[in-house]
1. With respect to Ala259, determine if the residue is in contact with a helix residue (DSSP H, G or I) (Cβ under 6 Å, 6 or more places away or on another chain) and within 16 Å of Arg407 (Cα to Cα).
2. Residue by residue through region 177-191, note down the ones that are open to solvent by 10 Å² or more (accessible area, probe 1.4 Å) and on the phi < 0 side of the Ramachandran plot.
3. Taking Glu361 and the conditions (1) free of Cβ contacts under 8 Å to residues at least 24 places away in the same chain; (2) of a type outside the set (Val, Ile, Thr); (3) buried (at least 24 other Cβ atoms within 10 Å of the Cβ), which numbered condition does it fall short on, given that it satisfies the others?
4. Which condition number does Asp136 fail, the rest of (1) open to solvent by 10 Å² or more (accessible area, probe 1.4 Å); (2) closer than 21 Å to Leu118 by Cβ; (3) among the acidic types (Asp, Glu) being met?
5. Scan Ser218, Ser174, Ser164, Ser190 and give me the residue that is closer than 30 Å to Glu73 by Cα and hydroxyl-bearing (Ser, Thr, Tyr).
6. Would you confirm whether or not region 411-421 contains a residue that is over 24 Å from the mean Cα position of the chain (by Cα), open to solvent by 40 Å² or more (accessible area, probe 1.4 Å) and more than 25 Å from Leu94 (Cα to Cα)?
7. Can you tell me which residue among Ser174, Ser215 is open to solvent by less than 30 Å² (accessible area, probe 1.4 Å), polar (S, T, N, Q) and in contact with a Lys or Arg (Cβ under 7 Å, 6 or more places away or on another chain)?
8. Among the residues of region 17-32, is any closer than 25 Å to Ala213 by Cα, in contact with a strand residue (DSSP E or B) (Cβ under 6 Å, 6 or more places away or on another chain) and either assigned to a strand (DSSP E or B) or not β-branched (Val, Ile, Thr) (or both)?
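The values are calculated or read from the model by the stated rules, or taken from the named source; none is laboratory data. This one's a predicted model, so the numbers in the text were calculated from it and none came from an experiment. Cβ placement follows ideal geometry from the backbone for every residue including glycine, while neighbour counts extend to all protein chains displayed. What goes into the accessible areas is simple: the full protein's heavy atoms, side chains included, and nothing from ligands, DNA or RNA. Shrake-Rupley method; radii C 1.70, N 1.55, O 1.52, S 1.80 Å.
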Amino acid sequence: MAERRALVVGAGIAGLAAARELVDGFDHVEIREADERVGGKLRSSSFAGLPHVDEGADAYLLRAPDASRLAAEVGLTDIVSPTSASASVWHDGLHDIPGGLVLGMPSKVRPFATSSLLSWRGKARAAIEPFLPATDPDDCLGALVRARFGDEVQERLVDALVGSIYAADTDRWSLEAVPQLAGLARGNRSLLLAGRRRPAPPSPAGPIFGAPATSMGSLASAAAADAERLGVVVRTGTPVFALDRDGDRWRVDDDPFDAVVLATPASATARLLGTAAADGAAAIGAIETADVIMVRLVQPDWPDRLAGRSGYLVPKPDQRLVTAASFASQKWAHWRPDGGQLLRISLGRDALPVMHLSDDEVITAVTDEVGRHLSIDLQPSELAITRWRGAFPQYRPHHHRLVAGARAALPVGVALAGASYDGIGVPACIASGRAAAESIKQSTARTDGSLT
């Protein structure tokens, strides 16, 4: 029988996870990555005398098992978690995030009733939620929250929290993309009462977030090294230009493969699918993205009044360019440089473009805005800028319907993986890669159990 060959296009964490799953179904598994490195949006580098400081995501959810499982499988056993420092929201000053929230949506009365973040008008508007008629949000998170709780809860709590996670405008974000909130909305008239009735989740036995002590970037590099140990051929600096049907197989830049996993951003995937799956390509090409900039800096003088805080979020009505700031040295015990506080500051989101800014304009925005937020003279002793173009796919209302339609239009032997489809967090991307690999193995299996 001919050698069975599978190709993964893209060496982000989804593509790496897919390739590792394919080795038990194919004789030859290969990854091609256009960049000169693996990892996609997971990247770290030395900064401020520290050997590894992340330039993108700095942790993963521990309760979603996929990232923890992958870390263990590739030999990363030194997993660290954030300190007990707490996050805030900035609105004319720093305010503690009230308790009793489900991703910003109130599920208990007392914590948000006593919060300094909401005005008395905002609290009164939210308090009438149990008496309102049922709402049909048409799969839009912002529409649901505004209709049920009013503008202040949407803008200062839900959008500040969810929007910061996804660099999103939640007035244009799919409710189904936030399963915790979609579950409350499904079949319940009052979300507040539904939140109060739901069984209290068991207290976590340990921390909620984790990361390798050597950074999230090391998760990708360790996964790539382990894939090579398993026999995967990893080729960086190797862009893919063409994907064409060749009888029962696929021809990728003149090389034959039985199966292809496209673990590339939606725009690149749509281009590669081209005429081979025109309907799927058109749907995938409609997925929009948001650009962000990450600034890492060291502030020499740090006031004691900010102790115990891990950072803050900026609600959209208060935003200029800065959307969030992490006090990284207070959030992570292993990120404490000599001579100051390490901060990681985010700029940009959906409908807030930043890529046109020069480095000098970015620095000015950060020093002016964060200095104003914290009432300090921000004078960084060290600073580094990372630009992430198209970093965050935007899950518009009915995104999951769009993705399901695109997948249904794919030819046998092609699968999709990555943040553009089933979830943006690191565990979701790993799960997406593994699911794509499993679907490929099933779709190319013959009736006798072997693979074509």
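1. yes
2. Hits for region 177-191 are Ala177, Pro179, Gln180, Gly183, Leu184, Ala185, Arg186, Asn188, Arg189.
3. Going through (1) free of Cβ contacts under 8 Å to residues at least 24 places away in the same chain; (2) of a type outside the set (Val, Ile, Thr); (3) buried (at least 24 other Cβ atoms within 10 Å of the Cβ) one by one, Glu361 breaks only (3).
4. Only one criterion in (1) open to solvent by 10 Å² or more (accessible area, probe 1.4 Å); (2) closer than 21 Å to Leu118 by Cβ; (3) among the acidic types (Asp, Glu) is unmet by Asp136, namely (2).
5. Ser218
6. Checked against the condition, which is being over 24 Å from the mean Cα position of the chain (by Cα), open to solvent by 40 Å² or more (accessible area, probe 1.4 Å) and more than 25 Å from Leu94 (Cα to Cα), region 411-421 yields at least one hit.
7. Going through Ser174, Ser215 in turn, just one is open to solvent by less than 30 Å² (accessible area, probe 1.4 Å), polar (S, T, N, Q) and in contact with a Lys or Arg (Cβ under 7 Å, 6 or more places away or on another chain): Ser174.
8. yes
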